[in-house]
Amino acid sequence: MTPLILGLAGPVVTPDERALFGDADPAGYILFKRNVVDRAQLRALTDDLRAIAGRDDVPILIDQEGGRVARMQPPEWPAFPPGARFDALYDVAPVSAIEAARLNAQAIALTLGDVGINVDCLPLLDVRQPGAHDIIGDRALGSEPMRVAALGQAVIDGLRAGGVVGVVKHMPGHGRSMADSHVELPVVDADEAALEVDLAPFIQLRDAPMGMTAHVVYTAWDDQDCASLSAKVIGEIIRGRIGFNGLLMSDDLGMHALTGDFGQRAAGVIAAGCDVALHCSGDFAEMQACVAVVGEIAPHAKDRLEWAMATILATPHSPPFEELVARRDALLGYAQA
């Protein structure tokens with residue numbers, strides 16, 4: 001098994017992809033809007049990826065957050081609210097907000113499980129800061145750390161109740177970035193005292209099964225490398241101060257915050273301490289370059305992967321989707337008052 005989570009180009013696995021995936025045995029796969037047509041097609045695709053992997057529990061990831069980040073969209077699938085809706089409800093009724101976030105995540109999980117997807121890149125634990133770039137914006141669960149942690153735990157619990165693994169992101173915090181890491185490298189100059197705010201939700205949820213790093217430079221900790229490429233940030237902050245011991249993946253290697261060829265990027269995040277590197281675009285040559293350099297997944301990383309996937313309930317016990325959504329919407333009515 002190689003320490004890669006790979007995308008693919010379209011709605012079916014091409015012959016070249018099939019050969020590459022069969023030889024490389026990536027740790028998992030990630031899907032995007034380009035891979036999604038309808039329920040029957042998507043279920044056939046995820047079944048095919050499992051057959052190639054020979055693992056029923058192979059992670060198949062998606063970004064289905066709600067709001068503006070949703071790969072499965074109407075009219076085929078329902079729309080879900082962004083994190084800001086639960087933040088707004090928390091102002092009125094904190095207990096109701098936590099329950100609404102849990103119900104919403106469980107409903108998301110049911111839609112994912114129906115098409116064979118078992119990992120959602122959610123929740124964001126980024127603490128929203130005034131004046132920061134809107135790349136996080138309304139995706140955030142709030143601007144107060146303990147609120148973000150409470151709502152984030154509800155999301156993880158809801159996903160798990162629906163049979164899906166959650167991924168906390170973007171470690172150790174993207175909320176005060178002044179740039180979009182898809183476009184350029186953000187540099188955060190806040191001091192260590194200020195950054196304690198960013199760490200707090202991740203510390204509270206340090207037992208989460210999976211986490212994703214941020215392509216952000218934090219000069220207080222490492223003024224040269226972004227978190228995904230920094231052995232210091234991963235070792236001392238994410239694994240040390242936060243205490244996270246789940247499966248740690250990089251953010252997408254294709255984001256313009258990173259430089260160098262794709263082999264260098266993949267090797268760099270693994271060398272820094274990420275358990276797996278995430279490559280999303282489906283570009284075949286880029287995937288080949290990553291496969292060529294990363295080698296076998298480390299034993300401790302494989303153990304973390306197996307542990308994370310084992311957190312899925314063998315037989316999820318969930319009310320019907322319609323009941324979950326009705327209960328969520330009744331609670332969210334408080335935020336509209």
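Couple of notes before you dig in:
- Rounded if a/c under 1.5, otherwise prolate or oblate - the range 198-255, Cα gyration tensor axes: oblate
- Per-peptide average of other Cβ atoms within 10 Å, ordering 99-109, 148-158 highest first: 99-109, 148-158
- Computed helical MRE - 222 nm, the chain, DSSP H runs ≥ 4 contributing -39500 (n - 2.57), nearest 500: -12500 deg cm²/dmol
- Taken over the range 261-337, the convex hull of the Cα atoms encloses 199 Å³ per residue.
- Label zone at Arg39 (point 7 Å along Cα-to-Cβ), backbone N below 19 Å, the range 1-22: none
- Two-site FRET efficiency, Lys232 against Arg18, from Cβ-Cβ distance with R₀ of 41 Å, rounded to 0.05: 0.55
- Take the Cα of Phe284, go 7 Å toward its beta carbon, and the backbone nitrogen atoms of the range 2-16 under 16 Å from that spot belong to 7-16.
- Annotation: the residues His133, His170, sorted from fewest to most other C-beta atoms within 10 Å of their own C-beta, follow the order His133, His170.
- Sequence of Met72, Met210, Met178 once ranked by neighbouring C-beta atoms within 10 Å, starting from the fewest: Met178, Met72, Met210
- Once both labels are positioned 7 Å from their Cα atoms along Cα-to-Cβ, the gap between Thr219 and Glu144 label points is 3.1 nm.
- Taking all pairs of distinct alpha-carbon atoms in the range 2-336, Kirkwood radius in angstrom: 19.7 Å
- Fewest-first sequence of Ser143, Ser230 by Cβ atoms within 10 Å of each Cβ: Ser143, Ser230
- Available extension along the chain between His300 and Met178 is 40.4 nm, counting 0.36 nm per residue and deducting the alpha carbon span.
- Cα pair distances exceeding 20 angstrom across the range 1-140, given as percent: 51 percent
- Considering only Pro82, Pro201, Pro123, the Gaussian network model of the chain with Cα springs below 10 Å gives its largest mean-square fluctuation to Pro82.
- Once the Cβ-Cβ distance of Arg55 and Ala193 is raised to the sixth power relative to R0 = 41 Å, the FRET efficiency obtained is 0.40.
Here, each number is a calculation from the coordinates, and none is a lab measurement. Please read these numbers as outputs of a predicted model, since none were measured by experiment. Backbone-built Cβ (ideal geometry, glycine too); neighbour counts: all protein chains shown.
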